[in-house]
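Here's the structure we're looking at; comments come further down.
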Amino acid sequence: MTVERTPESDRTSAPRRRTRIILLGVLAVVLLGAGLAVVVSRAAIDRYATAVPAADLFGDGADPTGPAGELTGPLNLLVVGIDRPASSGPETVPRADTVLLVHVPAGLSRAYLVSLPRDLLVDIPAYGANGYPGGVDRLNAAMAYGSRSAGTAYADPVAGFQLLSATVSARTGIDRFDAGVIVNFAGLERLVDALGGVRMYVDTDVRSAHRQPDGRARPGNPDGPGYVGPQAEYRQGDHVLNGWQALDYVRQRDSLPDGDYGRQRHQRQLVQALASQVISRDLVTNPVRLDAVLRATGDAVLVDTRGRSLLDFAIGLRRLHADDLVLLDLPGSAVAGPGGDYLGEQFTGDADGCLAALRDGTLDRFVATRPELVNRAK
């Protein structure tokens, strides 16, 4: 679509555009990174606003692209990362490997990223759309149970998100989310490559369970579970990771001293690194790279903005920068069954207090008194 620029838009300087407009096509980074400003022109927004895939992720029938008023906050966003390769068949059940709460307090001047363990033991409510009766299971199972369409082999990630969001609401007490995003890891890998890689600080040595040093998948173990052969390694320090390396690094947990909690931390750090990378690049002056980023984002995300336009979020969150992201660790521990078998995870310590403060709008004060919850990359 060709968009004609107006004299008013021509007078808008590039620096002003950088602080005023969020790249709508990179909603994966916008919502995943709590609304970080990206260098872009209005022409690009008009061109791609309708290209960002939308769906009724919450099952309430709201028009995901309808008009709405100005964002005022506080905002609660739900971002779910799924491992479902584009080459997989329609019967492949999506796995919710990442469940991330993004809380933007009133004033919209900062954003908190809070990971929910995928193995968190929760009460999953009944889901009438496919007859799932409900039960106690790990959080990521909600996506799988919801995605199974009754009477067919088709697995629907939108339906899976609906049950997962209901499960998260029941556990956290957040009755309503202001937006939702499904991020496909395969698409996010392409997004990182479109950006020319992402600079990250690797905070501990990590060995990959899944990839060889050249990026090829490690072969399965013929004598049992797991994989065999040489492993990709990520040494502590600053690195520029390409797409497969970034996604591989943030998916590892077996070689981390703190297991899945370390993986959650690395995923939040990737969000922050991507946000910083996007706003640091002058994409306006590099239309080829801008086009690649926008196209990759369209492959990576599915969004529901609950009746608001993407431009509402772009304008409302225009003041957020990478340094305004606060990454929070919720303490937890493993749950063992009667025979010592691993059942999942549970929250401990201040975790539920943190969620209560998020709900009642006092998270700033809560975090100020518990600085140990703040996750810092270095």
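The values are calculated or read from the model by the stated rules, or taken from the named source; none is laboratory data. Keep in mind that what you see is a predicted model, and the values were worked out from it rather than measured. Glycine also receives a Cβ, built like all others from the backbone with ideal geometry; neighbour counts cover every protein chain displayed.
In table form, for the structure just shown:
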item	result
Some residue of the stretch 271-291 being more than 26 Å from P213 (Cβ to Cβ), more than 17 Å from the chain's Cα centre (by Cα) and either acidic (D, E) or modelled with pLDDT of 90 or more (or both)	yes
Scope the stretch 330-349; condition of a type in the set (F, W, Y) and at pLDDT 95 or above; matching residues	F347
Test: residue in the stretch 251-271 that is over 22 Å from Y112 (Cα atoms), buried (at least 22 other Cβ atoms within 10 Å of the Cβ) and among the hydrophobic types (A, V, I, L, M, F, W, C)	no
Pair list, Cβ under 7 Å, 6 or more apart: the stretch 155-176 residue closer than 15 Å to L100 by Cα and free of Cβ contacts under 8 Å to residues at least 24 places away in the same chain, other residue outside any helix (DSSP H, G or I) and not hydrophobic (A, V, I, L, M, F, W, C)	S169/D175
Members of the stretch 178-202 found to be modelled with pLDDT of 85 or more, not charged (D, E, K, R) and not in a strand (DSSP E or B), listed by number	V192, G196, G197
Of all residues making up the stretch 230-278, the number that are among the aromatic types (F, W, Y) and touching a Phe, Trp or Tyr at 6+ places or on another chain (Cβ under 7 Å)	2
Restricting the stretch 205-244 to residues that are touching a helix residue (DSSP H, G or I) at 6+ places or on another chain (Cβ under 7 Å) and closer than 25 Å to P257 by Cβ, the residue that is surrounded by the fewest Cβ atoms within 10 Å (Cβ to Cβ)	H210
Which listed residue is under 22 Å from L116 (Cα atoms), of a type outside the set (F, W, Y) and in contact with a Pro (Cβ under 7 Å, 6 or more places away or on another chain), from I182, I174	I182
Some residue of the stretch 258-270 being among the hydrophobic types (A, V, I, L, M, F, W, C), touching a helix residue (DSSP H, G or I) at 6+ places or on another chain (Cβ under 9 Å) and under 19 Å from G81 (Cα atoms)	yes
Qualifying residue in the stretch 219-230 (condition: touching an Asp or Glu at 6+ places or on another chain (Cβ under 9 Å), among the hydroxyl-bearing types (S, T, Y) and assigned to a strand (DSSP E or B))	no
First in the stretch 183-201 and farther than 16 Å from G81 by Cβ, second anywhere and in a helix (DSSP H, G or I) and polar (S, T, N, Q), Cβ under 7 Å, 6 or more apart	L195/Q277; R199/Q277; M200/Q269
Scan of the stretch 334-372 for residues that are exposed (fewer than 12 other Cβ atoms within 10 Å of the Cβ) and not hydrophobic (A, V, I, L, M, F, W, C), ordered by number	G337, P338, G339, G340, D341, Y342, T348, D360, R365, T369, P371, E372
Candidates N130, N140, filtered to the one that is in a helix (DSSP H, G or I) and in contact with a Lys or Arg (Cβ under 7 Å, 6 or more places away or on another chain)	N140
Test result for D175, on the phi < 0 side of the Ramachandran plot, assigned to a loop (DSSP other than H, G, I, E, B) and either buried (at least 17 other Cβ atoms within 10 Å of the Cβ) or not polar (S, T, N, Q) (or both)	yes
